[in-house]
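Before any comments, here is the structure.
None of the figures in this text is laboratory data; all of them are computed from the coordinates on show. Bear in mind that the values here come from a model prediction, so they are computed numbers and not experimental data. So basically every Cβ, Gly included, is an ideal-geometry build from the backbone, and we count neighbours across all protein chains shown.
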Amino acid sequence: MFLVPDSVGRFFHRMASPPHFYAFSGRLMPWLGVIFLLLVGAGLYGGLVLAPPDYQQGDSYRIIYIHVPSAWMSLFIYVMMAAAGVIGLVWRIKLAEIVAISSAPVGAAFTFIALVTGSLWGKPMWGTWWVWDARLTSELILLFLYLGVMALYSAIDDKRVASKAVAILALVGVVNIPVIHYSVEWWNTLHQGPTVTKMDKPSIHISMLVPLLTMAVAFKFYYLIAMLQRARTELLQRERNSQWLKKLLESEG
Amino acid sequence: MRPIKKQRLLLIALMLAGIGGAAAFALKSFNENLMYFFSTTDVVSGKAPGDALIRIGGMVVNGSVERPGDSLLVRFKLTDFNRDVPVEYTGILPDLFREGQGIIAKGRLNGQGTFIAEEVLAKHDENYMPPEVAATLKPDTQNNAQ
């Protein structure tokens, strides 16, 4: 396309070929695993041990090291899923379809974790497990969107058709993403406003911010690992009758 | 790009614009209902319904919290730094409840303009800092609150 360096274009072009993707992601996996373990170890140690307690909440605030990165991931993965869906719809690239549907369960899991950890924190801090304010409600809708995508995909037998349907559903749901992010600014909510993701300087002390960002990067790597693993399985299922897979199986004995 | 792909991309863009527009109008028309609470100025100026179950939000006024007798009854004033509303609540308050803290109370107004709360929730702000840092900031925030 335009404005994209040639080498990047070539990389994506090669990745779109199933045998190449399968081999490359297999080689990548151990590295991703090591980086994830290092980051999550550093993030958890920094967040649970090194970071000071909060002036108001004491140690209870430490749940943000799981809650906030999970909530970020729930939005990030949805955007990735919708973007892969568009690429699948427009260019009919099989691998984009596979990446889109493989993202959904990971995103659903992160959304669920964000909702549960928020609820656990809400009881002692707010005084309630759940309220129907704009932020909490829109995040719950996000969970239902993920579940809807997964259900729709498994309801249609022809996986190429299923992928198109899923991409359209994912696109319709994209409208929810800015609503979730800006809900705390557009409306009065019980949920507090953004601490880090705003134009201003973050309203969190640097000693608490560093482990938080480390966890956010660690979760990105977890997403890559979980999504690629699912994509490889999905690819094997879809390509079970293909020549390259038969050759691969023969060569591996 | 081949024409057919351009066309697909255009269709997707149109779909997104349509859904975005519809969602924007829907949210705009439900704007009032999506507000989780009224401000204290809304209550004093009569914008909030007088006899219905509503939520009001604001800061607990410094020095206004009193506990008459040895029951669980608490009286305090809520403010949005413009108008104050006196609140009465009987029950256990959340951990974060204190003077200067933002809270949300659910209940009804009585005839005298006092808000009788059935439920009090603490609204946490977005600031996180170690106690030492908070201590150095203390005089500053108190000046802002007054």
- Task: Read phi for every residue in segment B:55-66 and hand back ³J(HN,Hα) as whole Hz from Karplus 6.51 cos²θ - 1.76 cosθ + 1.60, θ = phi - 60°, with x for Gly and Pro.
- Result: 10, 10, x, x, 9, 6, 5, 4, x, 9, 7, 9
- Message: Taking 41 Å as R0, compute the FRET efficiency from the Cβ-Cβ separation of A:PHE144 and B:ASP70 and round it to 0.05.
- Response: 0.30
- Virtual spin-label span in nm between A:ILE206 and A:TRP129, 7 Å along Cα→Cβ: 4.2
- What is segment A:73-228 by shape, rounded, prolate or oblate, if you read a ≥ b ≥ c off the alpha carbon gyration tensor as root eigenvalues and call it rounded for a/c under 1.5, prolate for a/b larger than b/c, and oblate otherwise? prolate
- Message: Using Cα-Cα distances under 8 Å and only pairs 6 or more residues apart, what relative contact order does segment A:23-251 have, in percent?
- Response: 32
- Query: At 222 nm, what helix-only mean residue ellipticity would chain B give, in deg cm²/dmol to the nearest 500, using -39500 (n - 2.57) for each DSSP H run of four or more?
  - Reply: -11000 deg cm²/dmol
- Item | Fully extended contour minus Cα-Cα distance, from A:LEU236 to A:GLU252, at 0.36 nm per residue | 4.3 nm
- Message: As an exercise, use a Förster radius of 51 Å and the Cβ-Cβ distance of B:LYS47 and A:HIS20 to find the FRET efficiency, rounded to the nearest 0.05.
- Response: 0.20
- For B:GLY58, distant residues with modelled amide H under 5 Å away: B:ILE103
- Got a sec? Which residues in segment A:29-61 would a label at A:VAL116 touch, if it sits 7 Å along Cα→Cβ and we count backbone N under 20 Å? A:40-41, A:44, A:48, A:60-61
- How far is helix A:6-15 tilted off the main Cα axis of chain A, in degrees rounded to 10, range 0 to 90? 80
- Item | Gained length - B:MET15 relative to B:GLU119, 0.36 nm times residue gap less alpha-carbon distance | 33.1 nm
- What lysines could a cross-link reach from A:LYS123, if we take a straight Cα to Cα line under 16 Å and drop same-chain neighbours fewer than 8 places away? B:LYS123
- Calculated [θ] (222 nm, deg cm²/dmol) that DSSP helices of n ≥ 4 give over chain A, each run adding -39,500 (n - 2.57): -25500 deg cm²/dmol
- Query: R0 = 30 Å: FRET efficiency of A:PHE11 with A:ARG160, Cβ-based, nearest 0.05?
  - Reply: 0.75
- Query: Can you list the chymotrypsin sites (Phe, Trp or Tyr not before Pro) in segment B:70-110 that are in a DSSP coil and have 14 or fewer other beta carbons within 10 angstrom?
  - Reply: B:PHE81
- Message: To the nearest 20 Debye, how big is the dipole of chain A about its Cα centre, given +1 on the beta carbon of each Lys and Arg and -1 on that of each Asp and Glu?
- Response: 680
- Compute the long axis of helix A:159-173 from its Cα atoms, compare it with the longest principal axis of the Cα atoms of chain A, and write down the angle in degrees, 0 to 90, nearest 10. 30
- Note on the structure: Yeah, segment A:1-77 with a ≥ b ≥ c from its alpha-carbon gyration tensor (a/c under 1.5 is rounded, else prolate when a/b outruns b/c, oblate otherwise) is prolate
- Task: Answer with one residue from A:PRO52, B:LEU96, A:TYR222: the one whose Cα lies farthest towards the positive end of the charge dipole of the protein assembly as shown, charges on Cβ with Lys, Arg +1 and Asp, Glu -1.
- Result: A:TYR222
- Note on the structure: A correct Karplus calculation of ³J(HN,Hα) over segment A:39-47, with 6.51 cos²θ - 1.76 cosθ + 1.60, θ = phi - 60°, whole Hz and x for Gly and Pro, returns 5, 5, x, 5, x, 5, 5, x, x
- A:LYS159: which lysines have alpha carbons under 30 Å from its alpha carbon, excluding same-chain residues fewer than 8 sequence positions away? A:LYS94, A:LYS220, A:LYS246, A:LYS247, B:LYS5, B:LYS6
- Check each of the trypsin sites (Lys or Arg not before Pro) in segment B:38-146 and keep only those in coil by DSSP with at most 14 other C-beta atoms within 10 angstrom; list them in order. B:LYS47, B:ARG98
- Task: Assign one of three labels to the protein assembly as shown, namely rounded, prolate or oblate, based on the Cα gyration tensor with a ≥ b ≥ c the square roots of its eigenvalues; rounded applies when a/c is under 1.5, prolate when it is not and a/b is larger than b/c, and oblate otherwise.
- Result: prolate
- Cleavage-rule hits (trypsin sites (Lys or Arg not before Pro)) in segment A:7-68: DSSP loop, at most 11 neighbouring Cβ within 10 angstrom: none
- Just counting partner chain Cβ atoms within 10 Å, what average do the residues of peptide A:179-185 show around their Cβ? 1
- Query: In bins 10 Å wide, starting from 0, what share of all Cα pairs of chain B does each bin hold, as a percent?
  - Reply: 10, 30, 23, 15, 10, 8, 4, 1, 0
